[in-house]
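Worksheet: the structure to be examined is printed underneath.
The values are calculated or read from the model by the stated rules, or taken from the named source; none is laboratory data. Remember, predicted model here, so these are calculated numbers, not experimental data. Here the Cβ positions follow ideal geometry from the backbone for every residue, glycine too, while neighbour counts run over all protein chains shown. We work out accessible area using only protein heavy atoms, side chains counted, and drop any ligands, DNA or RNA first. Shrake-Rupley method; radii C 1.70, N 1.55, O 1.52, S 1.80 Å.
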2 protein chains.
Amino acid sequence: MDKLRKYFPIFEWGAEYSSKTFINDLITGVIVTMMLIPQSLAYAQLAGLPAEVGLYASIAPLIMYAIFGTSRTLAVGPVAVGSLMTAAAVAPLAAQGTPEYLGAAIALALISGLMLIVMGLLRLGFFANFLSHPVIAGFITASGLHIATSQLGPLLGIHIHGENLVDLVASIIGNIGNIHLYTAVIGVISLIFLFWVRSELKPLLIKLGLGERAAGMLAKAGPVASLVTAILVVWILRLDDSGVTIVGSVPKGLPEIAIPPFELSLWTSLAVPALLIAIVGYVESISVAMTLAAKRRQRIDPDQELIGLGTANVGSALSGGFPVTGGLSRSVVNFDAGAETPAAGGYTAIGIALTTMFLTPLLFFLPKAVLGAIIIAAVLSLVDVGALKRTFVYSKADFAAMSATMLVTWIKGIEAGLIVGVALSICLHLYRTSRPHIAVVGQIPGTGDFRNVKRHSVVVDPAVLSLRVDESLYFPNARFIEDAINAGVAANPNIRHVILECAAVNHIDISALESLESINKRLSDGGITFHLSEVKGPVMDRLRRSHLPEELAGKIHLTQYDAVASINPELARQTLEWNRG
Amino acid sequence: MDKLRKYFPIFEWGAEYSSKTFINDLITGVIVTMMLIPQSLAYAQLAGLPAEVGLYASIAPLIMYAIFGTSRTLAVGPVAVGSLMTAAAVAPLAAQGTPEYLGAAIALALISGLMLIVMGLLRLGFFANFLSHPVIAGFITASGLHIATSQLGPLLGIHIHGENLVDLVASIIGNIGNIHLYTAVIGVISLIFLFWVRSELKPLLIKLGLGERAAGMLAKAGPVASLVTAILVVWILRLDDSGVTIVGSVPKGLPEIAIPPFELSLWTSLAVPALLIAIVGYVESISVAMTLAAKRRQRIDPDQELIGLGTANVGSALSGGFPVTGGLSRSVVNFDAGAETPAAGGYTAIGIALTTMFLTPLLFFLPKAVLGAIIIAAVLSLVDVGALKRTFVYSKADFAAMSATMLVTWIKGIEAGLIVGVALSICLHLYRTSRPHIAVVGQIPGTGDFRNVKRHSVVVDPAVLSLRVDESLYFPNARFIEDAINAGVAANPNIRHVILECAAVNHIDISALESLESINKRLSDGGITFHLSEVKGPVMDRLRRSHLPEELAGKIHLTQYDAVASINPELARQTLEWNRG
């Protein structure tokens, strides 16, 4: 039963479902539906897919997540970055508008869903940790600007293309003479309206007497309002006859079960993009879920979340949708509107299902320019210039990883940006740990403590070299430490003992073990005794499995004081008792 | 002048050169020449190149290294693993025996030499650290077996081929009926003789009255003796007419200046193999050089060594040779024979030059089977089964990296083996640090020390959760720590304070900083105060550049005792003074 509850969290919250919970969830479901309709249409456009695919991706995935997900407030569905990544993955394989393009997008959702499920079952969630914060922040900011630029095409009524920001900008400049006046007017007015709604409407409504929370909720209906207005304007003035691009006929009715194409070559070429979409989507989703859960002292199970998102994507694929994940803005609305259980997501799914059954004919005259404006307004909030500055001040290495991710994303495209970012953060980490801080330490008079000779006035026995390494000993720094000890000994012919203080050493791998063995051997050949001190319990447990404890010319001492006292007891004791009378 | 000495170490030892040094170096030069002639011919055969190319690679590189290298005893030239890697890199580009094959091998030496020089000038030697000991040991062992197997072809007089061990073995089995009797007899007798020389000759010579050192030196002449004997046997019996493959005519005279082919496509396809050859050669060479230098308390400059090996390879390329590096066995002989300066290498170069000028006609009847036997005898000593066992006992993760390197090398080939090995060691390191040891700590009565509650009987305030993380805080474990703290707090509703003891934290990157900020925020939202303690100096310096110190609900305490005492002074003091009366 515990196992069942673990894999089907629905049994946990389902058991305590009450009519009060139902009302709260239902109200939330209605509000999120109003927000999701324009977003799902817009993100389908961003992914280069027909409008109905966005709606399909907003039904089954929400139901699957309600069953398998562990967050009570996460709102799953199409998101901006995922849609862009879908377009980037599928575009090289088929032309937009063809059944092959749609089939590849569906297959992408299926593959990435299956990958998430497998990672969840094998408890491989730690893979997502390899995306460091600077890489994610750089990637999301870069993608936001890339997406906004790409939507200048529909917004201005020009055809632009390019897999990276540089090409897109060049394409816009080349097409600047082809801007379609009516389209551009609709697009720009929608954009101004959306920005106005975001910053001005809520204070205005409060001034008009509405409560804070109601005003906030109503302000979220801005995109729906712009959508309805634009449809009416285009329909009444018949602007489509003047060349304004409209969505056109959207099939009516619930999605049918889709069988994604099973071709080995297709699956092979989608494997890497599917993995990246899975991991980026998971990272985005889990951080939103954890933040919201902590506010109510609820818990998220990171491995079960992989299964929740995985089944959501498989559900999307089998109902003809494209990759989905938990989105920030909708989840926050879901939380604020009072969602108490994942059932709220289920009610949203019913809302979208009703839309596909009855409202799609109304979308015929919807101008694509408005969808472009909705996307631009949504993604510009992803651009986080403050993070760049904060990172620069805190760490140049992290800043390098962040800016490299951004630049490569803009110049070479989003996949390359992510891969370069991850590789660079790993290399920078290895580089940093490859030259750890090594201090020569001496005894502080009046104490048994040992500190850096450069920062404190300490007592040092001229025949003893005591070094403290501030890092675990492992392959990237094994040779560096050998070299540091050789250099320390070569610089001072009086030295008869070398003590390595290991208080900051959390791990010794076999490369470092072999380095320690060869340091010991070389020092012995030169008549010098090698000691270790302050080795931690788990590290010592492991060392006992090697020959080092027997081979060591000196001993492994419990404390640095013991080590020094075993060599020159008189000096150590005098220093310890200095000034005590 | 110091700069000059740094980049041209020859000025340092050249200034103190004496006639005694000269005699020692000269004797060493003669001994190493005797050893290098058969090896250079054999390794050329292993690389699929004409015999003279091996000799050419043993002249200019030695002189270049004598000028630019920092080791006084390293013997540079063709080595087994480098020759195998050359064959693997060049074979896909051209057929063996063609000028294109030779040109590609020469270009490979040039590219890898230039890469080494650039790495040396930019002080990028740390890249070599990414090759962990288990990966190198696995790779060398796997290559040794691969090389030995590949030489069963010439040894038995059959044509075999394959880029990996599996194919080679299949090829041998398929050709078992084509074994050439005379060739196999020569090969097997040579092999038995070489093994006998190695294990039995030295004790025998000592028994006959020779000194230990002289006996050892003489035993190194085994390969030359087998070479001379085999040439005589084949010549007298004219076994070449019976189908024994011989080296044939080797051009006489010094190498001419070679211009390696400059084609972009060739250079592009050689880039990755050249980098791998450069790094593997460097790692092999530097560990030999450091071991020998330490025995005489000399120093090796790792960055200058890159330049020394780089110029040696460029020298090899420009004189028509293939990639070279510092080899273990020849260097040890060089050291034991009494080489005092790199001039010994120069005298060896003169010895090989004289060989190319006068002795090449004598090599006409040399059977290739003997070269195969020399290679097999040399490389089987590379196979280190003990390392496998030691690694298995010490660490399963390191053992996994080692066996993956070996298996992939055997199944997919040497490049794939190396790359998989490096990638796996990095992933395993990241995985290990991604779930660090986190201990709940409490105060030991009678002291101000704090230890793991599971291992010691300690005093804990029920309102305080004190956690010690035994790892630096950085992106692979940032989320793990967030989750551990959330779990600790969710499990115990009495907790009002969380203290994170950072004594083992050597670094906090921006991902971990943002995690700490969000932990602080979430705990605050739940009415819990978050503190840090025992933050090290360099880590604290960096934290001061962030907003954490101001935003933190609690404080950053110097010691864990201070932290606890600031929350519950009475309990902390009572525990400290427990049993003192």
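Only one of the numbered conditions (1) aliphatic (A, V, I, L, M); (2) surrounded by fewer than 21 Cβ atoms within 10 Å (Cβ to Cβ); (3) under 23 Å from A:SER329 (Cα atoms); (4) touching a Gly at 6+ places or on another chain (Cβ under 8 Å) is not met by A:LEU114, and that is (3). Check the stretch A:365-375 and report whether any residue there is closer than 30 Å to A:LEU124 by Cα, in contact with a Ser or Thr (Cβ under 6 Å, 6 or more places away or on another chain) and surrounded by 22 or more Cβ atoms within 10 Å (Cβ to Cβ). No - not one qualifying residue is present in the stretch A:365-375. Residues in the stretch A:568-581 that are surrounded by fewer than 19 Cβ atoms within 10 Å (Cβ to Cβ) and either small (Gly, Ala, Ser) or assigned to a helix (DSSP H, G or I) (or both): A:PRO569, A:GLU570, A:LEU571, A:ARG573, A:GLN574, A:GLY581.
Could you pull out the residue among B:SER403, B:SER425 that is under 30 Å from B:GLY162 (Cα atoms), within 11 Å of another protein chain (Cβ to nearest Cβ) and either part of a strand (DSSP E or B) or of a type in the set (Ser, Thr, Tyr) (or both)? Give the steps one after another, and end with the answer.
On the way: B:SER403 fails: within 11 Å of another protein chain (Cβ to nearest Cβ).
Only one candidate passes the filter, namely B:SER425.
Within the stretch B:428-443, can you find the residues that are more than 14 Å from chain A (Cβ to nearest Cβ) and without any contact (Cβ under 8 Å) to a residue 40 or more places away in the chain? Selection gives B:GLY442 alone.
Check A:PRO538, A:PRO549 and return the single one that is in a helix (DSSP H, G or I), closer than 30 Å to B:PHE399 by Cβ and more than 9 Å from chain B (Cβ to nearest Cβ). Quick ask: steps written out before the conclusion?
Working: A:PRO538 fails: more than 9 Å from chain B (Cβ to nearest Cβ).
Going through A:PRO538, A:PRO549 in turn, just one is in a helix (DSSP H, G or I), closer than 30 Å to B:PHE399 by Cβ and more than 9 Å from chain B (Cβ to nearest Cβ): A:PRO549.
Residues of the stretch B:528-543 that are open to solvent by 20 Å² or more (accessible area, probe 1.4 Å) and either at pLDDT 95 or above or in contact with a Lys or Arg (Cβ under 7 Å, 6 or more places away or on another chain) (or both): B:THR529 alone. Residues that are open to solvent by less than 10 Å² (accessible area, probe 1.4 Å), in contact with a strand residue (DSSP E or B) (Cβ under 6 Å, 6 or more places away or on another chain) and not in a helix (DSSP H, G or I) occur in the stretch B:49-58; there is at least one. The requirement of being touching a residue at least 40 places away in the same chain (Cβ under 8 Å), within 14 Å of another protein chain (Cβ to nearest Cβ) and either of a type in the set (Val, Ile, Thr) or not in a loop (DSSP other than H, G, I, E, B) (or both) is not satisfied by A:ILE277. In the set (1) surrounded by fewer than 16 Cβ atoms within 10 Å (Cβ to Cβ); (2) within 9 Å of chain B (Cβ to nearest Cβ), the condition left unmet by A:ASN506 is number (1). Go through B:SER472, B:SER511 for me and flag whichever is of a type in the set (Ser, Thr, Tyr), closer than 25 Å to A:ARG468 by Cβ, within 11 Å of another protein chain (Cβ to nearest Cβ) and under 39 Å from the mean Cα position of the chain (by Cα). The unique qualifying residue is B:SER472. Within the stretch A:484-503, the set of residues being over 37 Å from the mean Cα position of the chain (by Cα) and within 11 Å of chain B (Cβ to nearest Cβ) comprises A:ILE485, A:ASN486, A:ALA487, A:VAL489, A:ALA490, A:ALA491, A:PRO493. Among the residues here, B:LEU500 does not qualify as in a helix (DSSP H, G or I), open to solvent by less than 40 Å² (accessible area, probe 1.4 Å) and of a type in the set (A, V, I, L, M, F, W, C). Can you tell me which residue among B:ALA344, B:ALA397 is under 21 Å from the mean Cα position of the chain (by Cα) and either surrounded by fewer than 21 Cβ atoms within 10 Å (Cβ to Cβ) or of a type outside the set (Lys, Arg) (or both)? Residue meeting the stated conditions: B:ALA397. Scanning the stretch A:448-469 for residues that are more than 45 Å from the chain's Cα centre (by Cα) and open to solvent by 40 Å² or more (accessible area, probe 1.4 Å) gives A:SER457, A:VAL459, A:VAL460, A:PRO462.
If you go through the stretch A:304-336 and keep only what is closer than 30 Å to A:ALA219 by Cβ, in a loop (DSSP other than H, G, I, E, B) and not aliphatic (A, V, I, L, M), you end up with A:GLY321, A:PHE322, A:PRO323, A:GLY327.
Keeping to the stretch A:288-303, report how many residues are more than 17 Å from the chain's Cα centre (by Cα) and in a helix (DSSP H, G or I). Going through the stretch A:288-303 one residue at a time, the tally reaches 3.
In the stretch B:381-394 there is at least one residue that is modelled with pLDDT under 90, in a helix (DSSP H, G or I), away from every other protein chain (no Cβ under 14 Å) and over 30 Å from B:VAL247 (Cα atoms). Among residues of the stretch B:186-202 that are open to solvent by 60 Å² or more (accessible area, probe 1.4 Å), those with a Cβ under 6 angstrom from a residue that is among the aliphatic types (A, V, I, L, M), sequence gap 6+ or separate chain, pair up as B:LYS202/B:ALA215; B:LYS202/B:ALA219.
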